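The values are calculated or read from the model by the stated rules, or taken from the named source; none is laboratory data. Everything numeric in this text was worked out from a predicted model, so none of it was measured. Heads up, the Cβs are rebuilt from the backbone with ideal geometry, glycines too, and the neighbour counts pull from every protein chain shown.
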């Protein structure tokens, strides 16, 4: 540890190596038989000896904890805050709870005599109370400890903690649409109604309905939603606070349809109510307009959240690469810098490089001139591929895709098989988008979205392969 400390290039690594060097003597102090030095006759009271031994054991325990804390940061491509948080969680749920329960069990006989209660009864009650109270105490204590870990990022972390409670999910959307639709149908004395909106595949689907499913299904089959949305998009827009005029509705076979729009005029979906009368009075249109505005707000919120989640998923590999790079720089030594210089997998643009190489898998400058040729896994198979860097990169990409192949016992309709089939057809077989979409029975927009996820999985698999190759070099 002293040699590593001298070779460390960053103050953070030197500080941790200092902690490790100073606390490394803890285990030696714990096992050395100091009591033998005193001989058979003690020159100091025996109670004082036991007291000093207890203090020594506590000191050794603290030194061992600090030593484990120092080692926990080495070799993990994670930010410091995550490692500190995991370490605190381990201390709270492991040693802290265990030591507390052990001390209570040891103190039970003394407490039983002091309180005048049966020892077994107090022991049983105490174990039950400790089992219930200790997790509650840890949960109350943990936010204060997390505040120390996230001292500089406290506002961001607190907001992220509350995000799951504030997120308007798809289940919340269905519940709001259904309740609103029930109110609309009840006010109009209608038995059937539905709300249609875009689905994940870029088409349209019925999000919720009230009344007869057969009536709605027959209406949708006779009038496909895509055609209906095209006709609704040509209707004149309405103001959100005004009563929608009759011209804002589309009447087809007993259904009155009202387009749901975003503030910028974008079509979000439609509200359909089975109303056999030829006209809607002003009160009915005013009620439908007010409730439709709630639906529009909910649909727009969910779509905005979905775009945000898609953006975060796209940033995931970049953030992971940056965290990995930051950790490597923080733990840098002259020896590790040689590996870092050639670590293409740590680059933020690594997922994009993988996407371009797969797109030119069967030949092209994005493959023959790709920075991925510098991967250690590529150089390892260079001789097996006749010294051709391009064929070596093709072999590594093919191996990464093969590593994603699911188990044969998995349901063929599972997401894992879908991603693997997209990779195999699009890149290994070189099929076109339209042909692949037809064979997999999916739309082109859905195929593009699933293909992006599949390419990210290939990039993650390549990063794991590269990490394993680097680890083998370091061990040698």
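Here are a few things to note about the model shown:
- Among residues that are modelled with pLDDT of 85 or more and farther than 28 Å from residue 446 by Cα, residue 220 is not included.
- Residue in segment 31-54 that is within 49 Å of the chain's Cα centre (by Cα) and at pLDDT 75 or above present: yes
- Candidates 443, 388, 413: the one that is in the same structural domain as residue 354 (by TED's automatic domain parsing), within 24 Å of the chain's Cα centre (by Cα) and at pLDDT below 90 is 413.
- Screening the candidates 189, 113 for the property of being on the phi > 0 side of the Ramachandran plot and modelled with pLDDT of 80 or more yields one hit, 189.
- Against the list (1) under 17 Å from residue 268 (Cβ atoms); (2) out of contact with any strand residue (DSSP E or B) (no Cβ under 7 Å at 6 or more places or on another chain); (3) at pLDDT 75 or above; (4) surrounded by 14 or more Cβ atoms within 10 Å (Cβ to Cβ), the condition residue 184 fails is (2).
- Test: residue in segment 109-129 that is assigned by TED's automatic domain parsing to the domain that holds residue 62 and under 26 Å from residue 64 (Cα atoms): no
- Helices (runs of 4 or more DSSP H) enclosed by segment 388-463 - at least 2 residues per element that are in contact (Cβ under 8 Å) with a residue 40 or more places away in the chain: 389-403
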